[in-house]
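Trainee: Pasting a structure here, questions to come.
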Amino acid sequence: MIEGFLNPGLAIGATLAAVPLVIHLLNRQRHRPQRWAAMRFVLAAYRKTRRRVQLENLLLLLLRMLAVAAIAFAVARPFASGDSPLVGLQEERRDLVLVIDGSASTGYRAEVESVFDRIKERAGVLLEGLDEGRGDRARLILAGERPRVFPWTDPQDARSILQSIERPLDESLDLALALGEVAAVFEESAQRGAGGAAEIHLLTDLQESAFLAISSTRSAPEGGTRPALTEQLARIEALDLAVLVEDLGPGDLTPPNLSVDSILVLGEGPRAGTPFEVAVGVSNHGERELLAERVALQVGGERLPSQRVDVPARGKAEAVFTVTLEDSGYQDIVASLEGDRLGVDDSRARVVLAPPPLEVLVVNGAPSDRVEEDEAGYLLAVLEPPTDELGVDGEPNSPFRVQTISPAELDASDSPIEEADLIVLANVPALPSTAVTRLEERVAAGAGLLITAGDRLGDLSSWSEDLFRADGTGLLPGEPVRQVSAADRTRYYRVNEFDEEHPALNFFGDERWRPLLTEAPFYDFVSFTPSPTARVLASFDDTARSPFLMERAYGDGKVVLWASSLDRAWNRVPDSPGTFVPLVLELVQDLGARFQQERNLAVGSGIEIVVDSFPRAATLISPSGAQRPIEGDSIERPDRRWALPMLDGSWMDSVGVYTVRTEGARTQPVAVQLDARESDLSRATALEVEAIHPALRVATVNAQDGQVEANIAPRQGELWRWLALAALVFLVAESLWGAWIGTRRRTHS
């Protein structure tokens, strides 16, 4: 029978059906019978027709009461389930939500058609079962890493939307987000009291990673956590709904598939003109070993000789290529396999950066013809070692391009300070204020500054006045206090503590190499009081624990203070190549590191591409060759580079290499990579899916009529249309009956 009402409070209005009866009774009480002589003839006639008149009036009263009750019940909107005796009277309008699995794995071709083709075909069959005439509605949700939710529409428009979806997305399936949208749709309908018989169909390939691997709470890209799949299903269950899961994937639980899942640069980072190795990772997701699979590599569009690898069942293999980049800058590397049934993961792209040589400007405060007496002699020997190796431009193949000047030249108008990535002040005494200002501006714009002490400093107060300010605006990361000297050369200081996590000191964190730093003798150093914003990287073993290395950020750049000399005058660090070489190299590379932008993105990620010069007529070229102008204003950065307008995720929704082309500049590549999980096509079983939550029901599709069979509660349907029709019938019957009674009685009166 009737199981409930959508508006139960309005069902109370059915009591209004008693109003005609009350009016009838009240009218009877208003008249008092009075006998008079002539009335006896009327009474005699009335006794003959009394029973018929009473029946006529009773039927008229009943019709009025039924009309009022039917209207009240229709407004209250009663409903009944499919096993109710009233099933034949249920409201048949249907609200159908189709969640279409658009993940990359559905591009798998089991035969001629892909899984996605089968999903679209099945969605079309379900939409054909809707009747636009009775008000059926459909809502499509294309599910990927983020769901694309289309509005409620009629079946014909829904079919048009379905046809416009030509291929699957190059994304993984976030089922929790998709079902969260479903729950929100029906929660909104429940609040508005709208909607018909609700059905939710999830058309999917049952990929295991979508159902089982992320059924718990996980991190969201924007921070925080995403709701778990079970939480979203609980919302759907609270609405007395269930999700019918239709398996349209390949027949095998572990479909065969070979994929490129990684491209790694081995050893140190790439450098123009220097060979380096690239390892291409290949994964076999099938149950059969694959032999002599061909792996190809393209660098900047040029193809290298391919290699063959044997990949064990459910295992991995690696092909290692030797690569040489002719030019510095960002370069794209594309690894590919021969095509198989899932084409989207048969290639993978990666962008690597071959940085140009660091521009190092050494300001030598104590030059000498002899290397061992030159303040910067040992430093220059490390940065410019003798070599016969030449780069592609004919210059020595070195990661550094070093220029040495005197302190007086630092203030010259043609000083190369503006082009320097790293400036070294080696035992430099007081500087003119104009030179200090230029240093501050260059460091604030992103350059690094290494300051070392020495015997040329003289009066520390004048040095302090130039480079230190109590308000923290000066370059020095601490205030000079005094020079500390050992009593004689038989006594010395050592580094007692250091930050093992810092890039410049990480090498010495290994117990094998720690003594190279902690046992080096220091005879003289300058004692400093660190600024509040400074970070002490290493300290001496004197009673004051004086800093040896201090670091502080300055604008977009960074300053490091070396509290002793850079030559042998105050310490014996240069006498130990195992100490001096790694310490200097790591410091210089950390301080002079240029801005490096991550150009390897997940599908749908945004990026603000940074280029070296002002971009004119910027255009984004997709992997398919389609061009799209980048409109908007570019912004100049403090390091004199330019940031193009932000490109959101809609700009890069396919895997492959995108390039940004601007007038008068080389193209800038960006690699968009597929989530490696999409390559593993292992499928969940019906029992595993239904074990996730009771609101998930795996349906069996009848091949003959396309109907689904699932263990799901009978659908509830509304009865209000029939009640409204009944109210109308009662009102019409009451009007006709009342008119007939009136006519008949006037005729016989």
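Trainee: Scan the stretch 283-336 for residues that are at positive phi and either touching a Ser or Thr at 6+ places or on another chain (Cβ under 9 Å) or surrounded by 20 or more Cβ atoms within 10 Å (Cβ to Cβ) (or both) and jot them down.
Mentor: 314
Trainee: Next question. Give, as residue ranges, the strands (runs of 3 or more DSSP E) completely inside the stretch 616-677 that count at least 2 residues that are under 19 Å from residue 600 (Cα atoms), touching a strand residue (DSSP E or B) at 6+ places or on another chain (Cβ under 8 Å) and of a type in the set (Ser, Thr, Tyr).
Mentor: Strands (runs of 3 or more DSSP E) meeting the threshold: 656-661.
So that you can scan it fast, the table gives a plain yes or no per residue for (1) at pLDDT below 95; (2) within 22 Å of residue 449 (Cβ to Cβ); (3) of a type in the set (D, E, K, R):
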residue: 541; (1), (2), (3): yes, no, yes
residue: 544; (1), (2), (3): yes, no, no
residue: 549; (1), (2), (3): no, yes, no
residue: 592; (1), (2), (3): yes, yes, no
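Trainee: Has the stretch 470-481 got any residue that is assigned by TED's automatic domain parsing to the domain that holds residue 550, in contact with a helix residue (DSSP H, G or I) (Cβ under 8 Å, 6 or more places away or on another chain), surrounded by 18 or more Cβ atoms within 10 Å (Cβ to Cβ) and part of a helix (DSSP H, G or I)?
Mentor: No, because not a single residue in the stretch 470-481 is assigned by TED's automatic domain parsing to the domain that holds residue 550, in contact with a helix residue (DSSP H, G or I) (Cβ under 8 Å, 6 or more places away or on another chain), surrounded by 18 or more Cβ atoms within 10 Å (Cβ to Cβ) and part of a helix (DSSP H, G or I).
Trainee: What's the number of the condition residue 140 fails, among (1) modelled with pLDDT of 95 or more; (2) part of a loop (DSSP other than H, G, I, E, B)?
Mentor: Residue 140 satisfies all of (1) modelled with pLDDT of 95 or more; (2) part of a loop (DSSP other than H, G, I, E, B) except (2).
Trainee: Has the stretch 266-277 got at least one residue that is among the charged types (D, E, K, R), assigned to a strand (DSSP E or B) and either modelled with pLDDT of 95 or more or not assigned by TED's automatic domain parsing to the domain that holds residue 187 (or both)?
Mentor: Yes, the stretch 266-277 contains a residue that is among the charged types (D, E, K, R), assigned to a strand (DSSP E or B) and either modelled with pLDDT of 95 or more or not assigned by TED's automatic domain parsing to the domain that holds residue 187 (or both).
Trainee: Out of all the residues in the stretch 409-430, which are touching a strand residue (DSSP E or B) at 6+ places or on another chain (Cβ under 9 Å) and aliphatic (A, V, I, L, M)?
Mentor: 410, 412, 417, 420, 422, 423, 424, 425, 426, 428
Trainee: All but one of (1) in contact with a strand residue (DSSP E or B) (Cβ under 9 Å, 6 or more places away or on another chain); (2) outside any loop (DSSP other than H, G, I, E, B) hold for residue 457, so report the exception by its number.
Mentor: Every condition holds for residue 457 apart from (2).
Trainee: Now a separate question. What tally of residues in the stretch 482-497 results from selecting those that are part of a strand (DSSP E or B) and hydrophobic (A, V, I, L, M, F, W, C)? Break it down into steps so the answer makes sense when it comes.
Mentor: So in the stretch 482-497, the residues part of a strand (DSSP E or B) come out as 482-485, 493, 495-497.
Applying the additional criterion that residues be hydrophobic (A, V, I, L, M, F, W, C) yields 484, 495.
So the answer is 2.
Trainee: Would you call residue 667 over 30 Å from residue 286 (Cα atoms), of a type in the set (Val, Ile, Thr) and surrounded by fewer than 18 Cβ atoms within 10 Å (Cβ to Cβ)?
Mentor: So residue 667 fits the description; yes.
Trainee: The conditions are (1) more than 17 Å from residue 63 (Cβ to Cβ); (2) modelled with pLDDT of 75 or more; (3) in a helix (DSSP H, G or I), and residue 692 fails exactly one of them. Which is it?
Mentor: (3)
Trainee: Across the stretch 147-177, which residue is farthest from residue 120 (Cα to Cα) among those that are acidic (Asp, Glu) and either buried (at least 18 other Cβ atoms within 10 Å of the Cβ) or in contact (Cβ under 8 Å) with a residue 60 or more places away in the chain (or both)?
Mentor: Looking at residues that are acidic (Asp, Glu) and either buried (at least 18 other Cβ atoms within 10 Å of the Cβ) or in contact (Cβ under 8 Å) with a residue 60 or more places away in the chain (or both), I get 174.
Trainee: Scan the stretch 459-469 and tell me whether some residue there is within 24 Å of residue 591 (Cβ to Cβ) and either without any contact (Cβ under 8 Å) to a residue 12 or more places away in the chain or not assigned by TED's automatic domain parsing to the domain that holds residue 421 (or both).
Mentor: yes
Trainee: Among the strands (runs of 3 or more DSSP E) lying completely within the stretch 321-433, list those that include at least 3 residues that are within 30 Å of residue 113 (Cβ to Cβ) and either assigned by TED's automatic domain parsing to the domain that holds residue 267 or at pLDDT below 95 (or both).
Mentor: Working: elements: 329-337, 347-354, 358-364, 400-405, 422-426.
The strands (runs of 3 or more DSSP E) meeting that bar are 329-337, 347-354.
Trainee: Further question: What number goes with the only condition from (1) surrounded by fewer than 21 Cβ atoms within 10 Å (Cβ to Cβ); (2) without any contact (Cβ under 8 Å) to a residue 40 or more places away in the chain; (3) under 26 Å from residue 327 (Cβ atoms); (4) of a type outside the set (S, T, N, Q) that residue 645 does not pass?
Mentor: (3)
Trainee: Turning to a different aspect of this structure: Which condition does residue 126 not pass, out of (1) in contact with a Phe, Trp or Tyr (Cβ under 8 Å, 6 or more places away or on another chain); (2) over 17 Å from residue 167 (Cβ atoms), if it passes all the others?
Mentor: The one condition residue 126 does not meet is (1).
Trainee: Quick one: in the stretch 605-614, which of the residues that are touching a strand residue (DSSP E or B) at 6+ places or on another chain (Cβ under 6 Å) and crowded, with 17+ Cβ neighbours inside 10 Å is nearest to residue 675 (Cα to Cα)?
Mentor: Among those that are touching a strand residue (DSSP E or B) at 6+ places or on another chain (Cβ under 6 Å) and crowded, with 17+ Cβ neighbours inside 10 Å, it is 607.
Trainee: In the stretch 106-128, which residue that is exposed (fewer than 14 other Cβ atoms within 10 Å of the Cβ) and part of a loop (DSSP other than H, G, I, E, B) is modelled with the highest pLDDT?
Mentor: 113
Trainee: Next question, about the same structure. So residue 382 clears everything in (1) farther than 17 Å from residue 285 by Cβ; (2) free of Cβ contacts under 8 Å to residues at least 60 places away in the same chain; (3) β-branched (Val, Ile, Thr) except one condition, right? Which one?
Mentor: Failing condition for residue 382: (2).
Trainee: State the number of residues belonging to the stretch 297-331 that are within 30 Å of residue 611 (Cα to Cα) and of a type outside the set (S, T, N, Q).
Mentor: Total meeting the criteria: 14.
Trainee: Going by the structure shown, is residue 144 closer than 20 Å to residue 656 by Cβ and touching a residue at least 40 places away in the same chain (Cβ under 8 Å)?
Mentor: Judged against the criteria, residue 144 is a match.
The values are calculated or read from the model by the stated rules, or taken from the named source; none is laboratory data. A quick note: this is a predicted structure, and the numbers were derived from the prediction, not measured. Note that each Cβ is placed from the backbone with ideal geometry, even for glycine, and that neighbours are counted across all protein chains shown.
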